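Heads up, the thing below is written out as structure tokens.
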Amino acid sequence: MRLTSHDYSAPGWYFVTTVTAGRRKLFGSVTSAGVDHSPMGRLVLDEWESTLGVKKWISCAGLVLMPDHFHALVGWDAVPGNRDPSLSSLMSNFKGHSTKRLRQCGLLRSWDGVWARGYWDHVIRDRRHFDAVQRYIEANPARAWEKARR
């Protein structure tokens, strides 16, 4: 659910999460050292970097690609006048381009999808919330490893 009172093209920080379709573990596996990314995972991370390279006004203060989901802490202050600054545009471009590249590289069949529809977001309201989200993202692989060991 989006905050109806919030303008998602406005400058600010956002915590976004998107998952694979069916929560398939496509992007690697969790180890005691973190996430060991598969070729699909490495390509998705590369596409994230490419997306940020095109949208130079977007900053990323935290990122983790887990075997079946993706978390990022993204924000922007100002956007060039002829660009779409919205969070939905960022996520749509990233998910679409990563799927296309996976297919082009032969890592995904043409009829398969990667991502579940949509994404979740939290509007970052203050520095304390920002710091908590950064810690959550950083600790995500360790939490998953501990959970898998139980």
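The values are calculated or read from the model by the stated rules, or taken from the named source; none is laboratory data. What you see is a predicted model, and the numbers here were worked out from it, not measured in a lab. Don't worry about glycine lacking a Cβ; one is built from the backbone with ideal geometry, like all the others, and counts go over all protein chains shown. These area figures cover heavy atoms from the full protein model, side chains too; ligands, DNA and RNA do not enter into them. Shrake-Rupley method; radii C 1.70, N 1.55, O 1.52, S 1.80 Å.
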query = If you scan region 114-137, which residues turn out to be of a type outside the set (A, V, I, L, M, F, W, C) and surrounded by 14 or more Cβ atoms within 10 Å (Cβ to Cβ)?
reply = Tyr119, Asp121, His122, His129, Gln134, Tyr136
note = When Ser88 is run through (1) open to solvent by less than 40 Å² (accessible area, probe 1.4 Å); (2) within 16 Å of the chain's Cα centre (by Cα); (3) of a type in the set (Gly, Ala, Ser), the failure sits at (1)
task = Please go through region 115-150 and pick out each residue that is part of a loop (DSSP other than H, G, I, E, B) and in contact with a Leu (Cβ under 9 Å, 6 or more places away or on another chain).
result = Tyr119, Ile124
key: Selected residue [on the phi < 0 side of the Ramachandran plot, of a type outside the set (A, V, I, L, M) and over 12 Å from the mean Cα position of the chain (by Cα)] from Gly106, Gly96, Gly28, Gly34   = Gly96
key: Scope region 97-119; condition within 19 Å of Val54 (Cβ to Cβ) and free of Cβ contacts under 8 Å to residues at least 24 places away in the same chain; matching residues   = Thr99, Lys100, Gln104
key: Cβ pairs under 6 Å, 6+ apart, first in region 20-37 and closer than 18 Å to Lys147 by Cβ, second among the aromatic types (Phe, Trp, Tyr) and not in a strand (DSSP E or B)   = Val30/Trp145; Ser32/Trp145
task = Go through (1) of a type in the set (A, V, I, L, M, F, W, C); (2) in contact (Cβ under 8 Å) with a residue 60 or more places away in the chain; (3) farther than 30 Å from Glu146 by Cα and name the single condition Ala61 misses.
result = (3)
inquiry  = I'd like to check something: does region 13-26 contain any residue that is in contact with a Phe, Trp or Tyr (Cβ under 8 Å, 6 or more places away or on another chain), under 17 Å from Glu138 (Cβ atoms), open to solvent by 40 Å² or more (accessible area, probe 1.4 Å) and hydroxyl-bearing (Ser, Thr, Tyr)?
reply    = no
